[in-house]
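Please treat every number below as a calculation from the coordinates, not as lab data. Remember, it's a predicted structure, so these values are computed and weren't measured experimentally. Neighbour counts are summed over all protein chains in view; Cβ atoms, including those assigned to glycine, are modelled from backbone coordinates with ideal geometry.
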Amino acid sequence: MGPAPTPAPLIFIVSGPGGVGKGTIVNALVERDPRLWLSRSWTTREQRPGEADAAYVFTDRAAFEARIATGGFLEWTEFLGNYYGTPTPDPRAGRDVVLEIEVDGARQVKAVHPEAILIFVLPPSRDEQQRRLRGRGDSEHKVAERLQKALDEEPVGMALADHVVVNDDLERTVQEMVDIIGRHRISV
Ligand code: 5GP
């Protein structure tokens with residue numbers, strides 16, 4: 001008999017309406033827990049001023065569509081006029097996968113991997129959510145569009161979620177998610 005096979009990685013999906021602070025949360029999570037592997041998505045959206053180069057693989061529609069055609073995405077969707085997609089994950093052995101994606105992508109991942117764990121993040125208040133959406137430097141039109149999209153996404157995400165977390169305080173929220181992840185690791 002050879003060595004015991006490495007267990008399949010757990011998949012943690014972090015989703016939630018725009019302006020809820022998902023990006024900040026997942027960055028803090030992977031910093032805290034080196035066993036987590038954060039997937040980097042592809043997008044056709046333009047890079048925002050001040051946005052890290054590593055936030056996404058920024059690409060164009062032709063390259064994105066070529067990757068769709070070769071089956072290179074675990075999931076992809078069109079969100080407010082741009083493509084976003086998760087390349088088929090390839091974590092090193094022993095690491096668990098974190099996907100920070102919107103609800104249509106979360107639904108697709110759950111269809112392929114029903115064991116994936118969806119943590120849905122809610123804003124502490126609409127005011128705070130609007131403040132965060134405005135703070136990105138998008139135009140008023142874009143902010144209004146994203147706010148409406150966020151309102152539409154919430155009930156869908158809540159219905160799919162395994163856990164719902166309110167991001168009232170970053171440190172507390174990250175700790176709650178570390179605890180959730182720890183409990184799932186024990187129970188596999
Ligand atoms: P943003 O333009 O604000 O960076 O992202 C817009 C939305 O797309 C956010 O809800 C974000 O979580 C989501 N998103 C980012 N990457 C992906 C992805 O690979 N797939 C899907 N389905 N959504 C994504």
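Would you check which residues across the stretch 7-36 are surrounded by fewer than 18 Cβ atoms within 10 Å (Cβ to Cβ), more than 9 Å from the ligand (Cβ to nearest atom) and either of a type in the set (Ser, Thr, Tyr) or under 13 Å from the mean Cα position of the chain (by Cα) (or both) and list them?
Residues satisfying the conditions are Thr24, Asn27, Val30.
Which one of these does Val97 not meet: (1) within 10 Å of the ligand (Cβ to nearest atom); (2) surrounded by 17 or more Cβ atoms within 10 Å (Cβ to Cβ)?
(1)
Which of the residues that make up the stretch 123-142 are surrounded by fewer than 19 Cβ atoms within 10 Å (Cβ to Cβ) and within 22 Å of Val166 (Cβ to Cβ)?
Matches in the stretch 123-142: Pro124, Ser125, Arg126, Asp127, Glu128, Gln130, Arg131, Arg132, Arg134, Gly135, Arg136.
Would you be able to say whether some residue in the stretch 72-79 is touching an Asp or Glu at 6+ places or on another chain (Cβ under 9 Å) and surrounded by fewer than 13 Cβ atoms within 10 Å (Cβ to Cβ)?
yes
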